[in-house]
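Comments concern the structure below.
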Amino acid sequence: MNDRPLNRAQRALWFAQQMVGDRIPIVVAQCLDIEGPLDAGTLAACVDEVCADLGVSSTRLVVDGRPMLSGDVHSRPRLTETVSMINEDDPDRAAVEWMAAATREPVDLAGPLLRCVLLELGPSRWTFYARAHHILLDGYAAGLMMRHVAHRYRTRVGSAADSSAPPSPRGLDAILDHEQTYLVSNRRRRDSDYWRDVMAAAPAPLRFAPRTVGPSSSSHLVGVDLNVSSASELGRTAVRAGVPTVAVLVAGCAVGLSRISDRSSIPLTLVTSGRTTAAVRAAAGTMSNLLPILIEQVDAESVDTLLRAVAATLSEALRHQCLRFEEIVADHGRQRLGPVVNLVPSIPDVGLGDGVRAELRVLTTGPVDDVNINVYPGGADTLRIEIEADAEAHDVAFAEALLGDVVGGVRALSAAKRDAPIVGLDVTEPTSALAGEPSDRMRTLADEYLRHRRRDRVAVIDADGREHTYSALAKWAADIARSLRERARPGAVIAVVCARSVHSVVAGWAVAAAGMCVLPIDPTLPEQRRRTMLGDARPALVLGLGSAADIDLADVAVVDRRTPGESIPPGVRHNAAAYLLYTSGSTGTPKGIVVTHSGIGALIDEMDDHYCLDDTSVVAHLASPGFDTAIVEMLAAAHAGAALVIVPPEVRGGADLELLLESRGVTHLFVTPAVLATLPAEGLPNLTHLIVGGDVCPAPLIRRWARTRTVRCAYGPTETTCSVTLTDPIDPDGVEPQIPLGEPMRGVRTHVLDRRLRPVPRAGEGELYVAGPSLARGVVGPTGRTADRFIASVDGDGGRMYRTGDRVRRGVDDRLWFLGRGDGQVKINGVRVEPAETDRAVLSTGLVTGSVTVAHHTESRISLHTYVVPATGVDTEDLARRVRASVRDAAGSSHTPAGVTLLDELPLTVNNKIDTSALPPPVVGERRRFRAPSTEVEQAVVEAFERALGADRVGIDDDFFDLAGDSLSATAVAADINGRLGVSIGVRDVFESGTPCGSLISSTRLHMSSPNPNRPATGRCRSPRRSARCSKAGAGSITSSPSR
């Protein structure tokens, strides 16, 4: 036996096979379709001889400390099998299915690594199939083997004189010798310097997969043949520009990919044989390599300028092709930067002699990671372009759409004049706006809030279970509205600084009844943020509880029975301001969004069509007052005449929320995915309808709930009237890895446009724009704030459209798929957060001189992580903890980073911008000196921390917030402890205790002996439809009624 070490390419492939496992064989497979009088025995003998001469027939892999190839150079085993398909109903289809199955079969690396089979399809019809593990043969070597087999067969059967003999076979040692020479050469140093500079300017990887998936052995293969005329035109363009034909093909691919991805710089991954000498071109084995090719400013050039730039890039890359891909990308996550482009310059001569037709087909060049683009000569001077797409990430329709864009790019370049600008080329099929059904209903908030003002049915169930009727709330609102009219003008901004309660609801009604614009502010926000909002909005009055408010809502809670005080909806114009909400701005400063009444009617139509509400429904009021979902909750209940159940502000999710929803008989829940994940899908028998939104909706979570309820997912930025798209009821058995954004709602038009405001092609990605009556009026402050996001509509109707900043893909079926934010904003537990605002708060501490905050994604959550450079003279002991505490006080928990990592300096790109890809892995909190739990209670609490926070080896002194704790993980901690110990602690206990050792353990011991009085009653509250009339609590109190 002859043992030899693996070369560098083979070592990389061996390692890759260990990583993906046997399920995904890394193989190359080809077949030769044959028609004519074939001598099958002679062909089989030639195959066996050629494989022996190339040294691959008996080769196997052995691992003895390190992997080695082992084989008997003198062995000439019989390799070729014969399988008959003659008796199959459809021999051709049976052969295709057989080869597909054989290609997917795992390969035993102990041998054999090569399989050759002659499939008999009928009289004078055969298919020769060959599959090899990539460690043994790459695509070039597999083609070389086919050339030797065909030449030897022609010689053996005495065919006509053959002048296309392949080079004499060389053994596998030729590659090892070549490699050793290269490793000690100056060329390797030059190659390394070249690729270091290339990768320093590399853009973000270009991937089309909607989720990160690994390589797959299952793929969709689609292709098209460029006819003789098109192929000739391509050749003439290459001659005119003075570039090789391959440059036109690569440039055409880049143009098509630029249109579908909305990117100016396109990274590609070029397959190269790596065989730069005659000796290695005569050897079998594996040497193929991948080269990152960066095509910059694709649409900023003229045609010939782009072609020459691409030709120069390819020439330089091929001059440095011997440095292994693994080394090139070692400092960049070892990932491909873009689609793999496999250009086959010519088809090997595989003719089998006179009267026998033989056609070579490549079945696979290995597992597909996202997409491959294959280009090779077809028959009769044609050119074939194929797209091979990972079947686990894409469907056939996507592959066909991508093929159309790539072919469109090649054809457009080939037909264009030399000085034609790339941006003006007709590359893809145009698409139009997606539009919802029209709506002509005109309504205001007051119209809906006061719709049932004369009814005595329950309108609101307060946090303590008290019921308030529509008529009583309307009279209460009328009193407040009267005060507002006396002290402010119609249309004035009225701030409501009040926690979620019956007071916040009636205040919203009152502002609407007064014909004014409500600014709801959550009083739990940091004082600095509240001051910023109030200073920017300059409200005429502030409503709230306590002496700090201009109007104390508690002072007008008693209805004056001497005056009827019925509130009548005012005559408000539909383009008047309805509400003002604040969200994060791109500069890190909160921005106020003014929304008018013009979209309310369409939203009501949508509720009538899809929300399944009536006056027996019970709607939870769960959203924070400053979110537009809170307005949707109030509006939905009031429109239907349903009961609105106030969820106490301290109830965030988990067991507390579950108990309240069940005890109040809630039927409809508007909820973020993060909160929904804390609830059990198998409970809550009354809950029948869910609208999930405010963040990306994880498919497994949504489908779990969809098995027993009607679940829809909604999408809409604050700059529109609540939501603009809504899904159909989610199919619990759906297979897509994501939930789409849904279809445009009533009166809404959506556009997916590229950076030049051109509609993207189907399957293309771009920024989502929204048009229609639901658009907000704009941003509070100078007109430039509004003009930045609200621009002239491409519909050409004189209207406006809003730039959402959300990147989406428009599917082939016109469904919209969310890809992420285009401006850096992220959602943290449903809150839209601008990392720049976190950086601003961090820098304002004076503790650091540099700060960059990024979103860190894991399987279970998205969190913020901040990297800082400590200021000179600042004690770094406990610095991360101090920074997080300061940010929490200044900007709130949603803007507080889960971890703070200290750096000597922030990494920069060659353009002196912060290089986020070079940041080290984030540090999640600072761990104190470990102290292990010593009692069963301490052990249970510590394990609850570990499960909820995803942390390992939590000590009883570790701080909850320093371990990236938030309200939802606190909910999980409390639920875990309650379930294991049979106690009754809440989220507040977790927040106030801080560490497992602190008052949490004391609270746990306490709760084991006495229940928590702050929790909702464990018994089911009386349904508002069955309750008796409440007795008066005192003179002038609001009366509740059983009939609505």
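Data table
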{"read-out": "Positions within the stretch 17-44 being in contact (Cβ under 8 Å) with a residue 40 or more places away in the chain and either small (Gly, Ala, Ser) or on the phi > 0 side of the Ramachandran plot (or both), in sequence order", "value": "29, 36, 40, 44"}
{"read-out": "Residue match in the stretch 744-754 (condition: in contact with a helix residue (DSSP H, G or I) (Cβ under 6 Å, 6 or more places away or on another chain) and either in a strand (DSSP E or B) or closer than 30 Å to residue 677 by Cα (or both))", "value": "yes"}
{"read-out": "The listed residue being touching a Pro at 6+ places or on another chain (Cβ under 9 Å) and not β-branched (Val, Ile, Thr), out of 395, 349", "value": "349"}
{"read-out": "Qualifying residues in the stretch 1-15 (those that are assigned to a helix (DSSP H, G or I) and touching a residue at least 12 places away in the same chain (Cβ under 8 Å)) - the one surrounded by the most Cβ atoms within 10 Å (Cβ to Cβ)", "value": "10"}
{"read-out": "Residue in the stretch 516-540 that is surrounded by the fewest Cβ atoms within 10 Å (Cβ to Cβ), counting only those that are at pLDDT 95 or above and assigned to a loop (DSSP other than H, G, I, E, B)", "value": "538"}
{"read-out": "Residue in the stretch 14-22 that is touching a Gly at 6+ places or on another chain (Cβ under 6 Å) and at pLDDT 85 or above present", "value": "no"}
{"read-out": "Of residues in the stretch 165-178 being surrounded by 13 or more Cβ atoms within 10 Å (Cβ to Cβ) and farther than 12 Å from residue 4 by Cβ, the one modelled with the highest pLDDT", "value": "178"}
{"read-out": "Hits in the stretch 326-346 - residues which are surrounded by 17 or more Cβ atoms within 10 Å (Cβ to Cβ) and closer than 24 Å to residue 388 by Cα", "value": "329, 336, 337, 338, 339, 340, 341, 342, 343, 344"}
{"read-out": "Filter result for the condition that a residue is out of contact with any helix residue (DSSP H, G or I) (no Cβ under 8 Å at 6 or more places or on another chain) and of a type in the set (Val, Ile, Thr), over 645, 651, 618", "value": "618"}
{"read-out": "Of all residues making up the stretch 653-690, the number that are surrounded by fewer than 24 Cβ atoms within 10 Å (Cβ to Cβ), part of a loop (DSSP other than H, G, I, E, B) and in contact (Cβ under 8 Å) with a residue 60 or more places away in the chain", "value": "7"}
{"read-out": "Selection status of residue 311, touching an Asp or Glu at 6+ places or on another chain (Cβ under 8 Å), small (Gly, Ala, Ser) and touching a residue at least 12 places away in the same chain (Cβ under 8 Å)", "value": "no"}
{"read-out": "Entirely in the stretch 811-926, the strands (runs of 3 or more DSSP E) that have 1 or more residues that are modelled with pLDDT of 70 or more and at positive phi", "value": "816-821"}
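Residues checked against (1) in a helix (DSSP H, G or I); (2) among the β-branched types (Val, Ile, Thr); (3) at pLDDT 90 or above; (4) more than 19 Å from residue 451 (Cβ to Cβ):
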| site | (1), (2), (3), (4) |
| --- | --- |
| 542 | no, yes, yes, yes |
| 548 | no, no, no, yes |
| 554 | yes, no, no, yes |
| 562 | no, no, no, yes |
| 571 | no, no, no, no |
| 578 | no, no, yes, no |
| 581 | no, no, yes, yes |
| 631 | yes, yes, yes, no |
| 635 | yes, no, yes, no |
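Residue-wise test of (1) under 24 Å from residue 344 (Cβ atoms); (2) outside the structural domain of residue 384 (by TED's automatic domain parsing); (3) at pLDDT below 90; (4) of a type outside the set (A, V, I, L, M, F, W, C).
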| residue | (1), (2), (3), (4) |
| --- | --- |
| 133 | yes, yes, no, yes |
| 147 | yes, yes, no, yes |
| 153 | yes, yes, no, yes |
| 194 | no, no, no, yes |
| 224 | yes, no, no, no |
| 227 | yes, no, yes, yes |
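Each row is one residue, and each column tells you yes or no for (1) of a type in the set (Gly, Ala, Ser); (2) modelled with pLDDT of 85 or more.
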position	(1), (2)
334	no, no
361	no, yes
366	yes, yes
374	no, yes
382	no, no
385	no, yes
395	no, yes
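The values are calculated or read from the model by the stated rules, or taken from the named source; none is laboratory data. All values derive from a computational prediction rather than experimental measurement. All Cβ positions, even for glycine, are placed from backbone atoms using ideal geometry, and neighbour counts span all protein chains on display.
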